[in-house]
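Written out below as structure tokens is the structure these notes cover.
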There are 4 protein chains.
Amino acid sequence: MPVKKDIEEARRRQILDAAEKVFVKRGIDKARMDDIVQESGLSKGALYWYFKSKDAIVSALVGHVLISEMREAEALVHADGSATERLKLFIEYAVWEYKRFEKVLPLAYEFVAHAARSKVVRETVILYFNRYKDILAQVIQQGIDSGEFQPRDPDTVAMSIISMYEGMAMLWFIEPNLVDWDRMGAEPIDIMLGGLSVEKR
Amino acid sequence: MPVKKDIEEARRRQILDAAEKVFVKRGIDKARMDDIVQESGLSKGALYWYFKSKDAIVSALVGHVLISEMREAEALVHADGSATERLKLFIEYAVWEYKRFEKVLPLAYEFVAHAARSKVVRETVILYFNRYKDILAQVIQQGIDSGEFQPRDPDTVAMSIISMYEGMAMLWFIEPNLVDWDRMGAEPIDIMLGGLSVEKR
Amino acid sequence: MPVKKDIEEARRRQILDAAEKVFVKRGIDKARMDDIVQESGLSKGALYWYFKSKDAIVSALVGHVLISEMREAEALVHADGSATERLKLFIEYAVWEYKRFEKVLPLAYEFVAHAARSKVVRETVILYFNRYKDILAQVIQQGIDSGEFQPRDPDTVAMSIISMYEGMAMLWFIEPNLVDWDRMGAEPIDIMLGGLSVEKR
Amino acid sequence: MPVKKDIEEARRRQILDAAEKVFVKRGIDKARMDDIVQESGLSKGALYWYFKSKDAIVSALVGHVLISEMREAEALVHADGSATERLKLFIEYAVWEYKRFEKVLPLAYEFVAHAARSKVVRETVILYFNRYKDILAQVIQQGIDSGEFQPRDPDTVAMSIISMYEGMAMLWFIEPNLVDWDRMGAEPIDIMLGGLSVEKR
DNA sequence: TATGAATGAGTCTTCATTCAT
DNA sequence: CATGAATGAAGACTCATTCAT
């Protein structure tokens, strides 16, 4: 009877979608279960049927939000072209992703804050960043192997790039005017890659 | 009668110090006024005598935490040495600052999340980053003027560096193992400066 | 499903009855929600489920108390007998009502004071007095039409009578000894009707 | 050293005047001592120096407000003219007084409500109405003695008239449109006096 | 499964009163 | 006499969670 499973899955998504909207609008702590009830169109009892608590919804949502688009990113590792080209492509994609997530970004930083206090949430977030780092590190390793890049620790370089764009997203979220994505999308990674390259620029 | 002013200032600090501890321990939203009362050793009424509301404490604290050490940073702009040297010094200082703020970092990310919903908090945070950016941009401009650096937009470069270290701090806060400050402190800025330099490395 | 409606209505009454008792005992401002909770036997949450705030309870109660017996009064307009007889009957009824409301009278004057500051309460109170006035004015008009009374403005006369008995109730509430209802019930209206009559007394 | 006494008296008045304004604006229960502090221009400590508590201020104010103009009224008892004329004069004066007290009326009804719960306040209010009644009763007795009025109980008649105008003031306070003083000032007493007169109208 | 009425511990905030200076 | 900082009990309201139907 997969129908039952389907309904169950649909309900869960319905709740998480509603929760996402509400959390973004009011912040996780300020959000009330009743808000989610209203937004989801379900009943209070239904929420508690599918999720044990508000915290359970938060935890489920972290995975839902952070992990969802990782697969597409992974594809880039195996794409054609030089490491430099592919890293630029990757950043281009990531920036596009950030823009797409604009509405959800407040949530991301609440997750980060939550991570300090919830083991489950923290582990999900860490998992996400590790995957992200691994993807980048692979490409960088390929660049080193091919003689394109100086021999640096791939993880350190990967984390530098991730940090830069995560930080950028954070600043952009605080004040959009601080970050001009058209400029910030390309120039920083250019400089980085320039600094990484074995060639004279 | 500066004594009165002094007492007033002392009380405010007393309250903010207590609030900081409590906010770090429990998170801003979960923190109760009573926690701050207990931690501060003052009475409920005293808190409300000096601060109109919990929110006012949060706002005041943002300034207190973010701005406090900015002056030392500003000094570096006028220090001796090449732009490269001074930027490295700056980062070194910033990293040391991050380490020092370790206990308060969770707060920083709650501030970020709060910034989305509180005009006052947002403006304080923006002010902080703009000052931070201006300091860096000045040094970079000096480097460009002296022929040390390629002619890039100083603001963009400054924001890239800030983003990188802010992002790093965020990742480190989530999972200390993700960031090895000994490595991450020096290497990323090395790469960046390499990419910025007009010389062959 | 009228059962649900019935329960809802029953709960509201339960709350209003409790609130009435508490307000009489302690005064509206001094009354605590917890008093009403205890008196009603319901929970705090239940009160707030049915009424948005303490003020909402006050407002609802004004209507409940003031309007409740108006219908019986209205019947007198269409009763048999001369206008004089019916007015006397009306007063007799009203006085009996006052006595019956003895316990609630303090409330009435708090309502009056409240009326100065709450639009909702004021409108309910005004509505009540207007209905009251209309009833009396109708009977007086009938008396004028039948040649029983001098041609006076019915509204003015009606308000005079209402004022007299409202004022009396107020004085009686302040100090029962000031008002001897056996005397004050009959004599004032006698004088009034005498002054109104076209006949020599 | 009457200066000291004078200052003391001045301070008391200063406080009562401020309290009156505040009570009218916010209601007795909602009024804060701090409001009175601000309005009076004195300090918190000063208020408590001159009055033991907020309640003491209320009590003192009742007398201050209700009794203040009674003397002028008393003069009318010994004026020239028929009882009818003097009663009309009295009402005219009273109506003018009401208008003058417009700003303070809300207070009056809070006093009434307070009277239910404070012995001191109640006694002051009773005293006021008794004096008021005595004045009227004297004039009415004079009218009876002179053969102008039917022989009725002067107290009952006096209370009827007082009730009427007190009630009118109350209704007017609730909703000014309910009471047209130009009409209500003269007509009701006319009817009353007509009903009281031994003459055919 | 689903509903939504009911619960009550928990929270912020207010404000009359006190008292050291 | 006067000040105003400090107190803390009290009170309105919220909201995650439960459970009878």
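No lab work stands behind these numbers, since they all come straight from the coordinates. Every value quoted in this text rests on a predicted model; they were computed, and no experiment measured them. Here Cβ is always computed from backbone atoms with ideal geometry, including for glycine, and neighbour counts include all displayed protein chains.
Per-residue Cβ neighbour counts within 10 Å put C:78, D:64 in the sequence C:78, D:64, beginning with the fewest.
Each other residue within a Cβ distance under 11 Å of residue B:189 adds +1 if Lys or Arg and -1 if Asp or Glu, for a net charge of -2. By the beta-carbon count within 10 Å of each Cβ, the least crowded to most crowded order of A:86, B:12, fewest first, is B:12, A:86. Comment: the Cα-to-Cβ extended label point of residue C:123, at 7 Å, lies 3.7, 4.4, 5.7 nm from its counterparts in the other copies, nearest first.
A cut-off under 12 angstrom between Cβ atoms defines the neighbours of residue A:159, and their net charge, with Lys, Arg +1 and Asp, Glu -1, is -4.
Remark: the stretch B:53-201 carries a charge dipole of roughly 420 debye about the Cα centre, counting +1 on each Lys and Arg Cβ and -1 on each Asp and Glu Cβ. Here the spin labels are modelled as points 7 Å beyond Cα on the Cα-Cβ line, and at residue D:38 and residue B:34 they lie 3.0 nm apart. Modelled this way, with points 7 Å down the Cα-to-C-beta line, the labels at residue C:198 and residue C:85 are 1.9 nm from one another.
Shown in residue order for the stretch B:101-114 are the 3J(HN,Hα) couplings computed by the Karplus curve 6.51 cos²θ - 1.76 cosθ + 1.60 at θ = phi - 60°: 8, 2, 5, 9, 4, x, 4, 4, 6, 6, 4, 4, 5, 4 Hz (x for Gly and Pro). Between residue D:119 and residue A:93, the distance separating the two model label sites (each 7 Å from Cα on the Cα→Cβ line) works out to 8.7 nm. Residue D:100 label point (Cα plus 7 Å toward Cβ) to equivalent points in the other copies: 4.2, 7.2, 8.0 nm, shortest first.
The stretch B:124-172 and the stretch C:103-149 have Cα centres separated by 74 Å. What Kirkwood radius, in Å to one decimal, follows from the Cα pairs of the protein assembly as shown? Taking every pair of different Cα atoms in the protein assembly as shown, averaging 1/r and inverting gives 33.7 Å. In terms of distances greater than 25 angstrom between alpha carbons, the cross-link table entries A:54/B:44; C:119/D:21; A:30/B:25; B:52/C:119; C:103/D:25 yield A:54/B:44; B:52/C:119; C:103/D:25. Averaged over the residues of peptide C:139-145, the number of Cβ atoms from other protein chains lying within 10 Å of each residue's Cβ is 0. Given R₀ = 45 Å, what would the calculated FRET efficiency be for residue D:52 paired with residue C:182, taking r from the Cβ atoms and rounding to 0.05? Using R0 = 45 Å, I get an efficiency of 0.60.
Computed over neighbours whose Cβ is under 13 Å from that of residue D:127, the net charge equals +1, Lys and Arg +1, Asp and Glu -1.
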